[in-house]
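What follows is calculated from the coordinates using simple rules that are stated; it is not laboratory data. As the structure is a prediction and not an experimental result, all values here were calculated from the model. No Cβ is skipped: glycine too gets one built from the backbone with ideal geometry, and neighbour counts run over all protein chains shown.
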Amino acid sequence: MLPRSHTALNEALSNYLVADMDGEIIGCGGLDQYTTDTAEIYGLATSPGKSIRGTGSALVEALIEKARTENISHVFALTLAPAFFQKMGFRIVEQKDLPMKVWKDCVACPKYGNCDEIAMVLDLN
């Protein structure tokens, strides 16, 4: 996950969904709109040892539904777990195919130029 300032985190809170079990947070994920028809699923995480199987999938499905209600046609993610996203219907693309992501976030990342994340896209049409 990218390091972010407190200001950036506060601004992003409304983009997040949170999964809880008995009042304890067990996962989260956000949806950030980049263009009128494209958004990123980001910050997806589940609590090791506390979340139940399927928490991550449920979060991604809820974020996809949120994207659909906002008339988003394409969602993308950068991930170290491509098999998880492939099971959800995403396909692998080149990072250069996501120029809005590269120029907004990647250029400020400490791993820029040496990124180990896989870019993935899901078409919602």
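From a point 7 Å beyond the Cα of SER57 in the direction of its Cβ, which residues of the stretch 63-84 have a backbone N at a distance under 12 Å? Answer for the stretch 63-84: 84. Modelled spin labels at ASP116 and LYS96, positioned 7 Å past Cα toward Cβ, are 2.3 nm from each other.
Between LEU124 and HIS74, VAL75, the built amide H atoms are under 5 Å apart, and every one of these is 5 or more places off in sequence or on another chain.
For the pair MET88 and SER14, label points projected 7 Å from Cα toward Cβ lie 2.3 nm apart.
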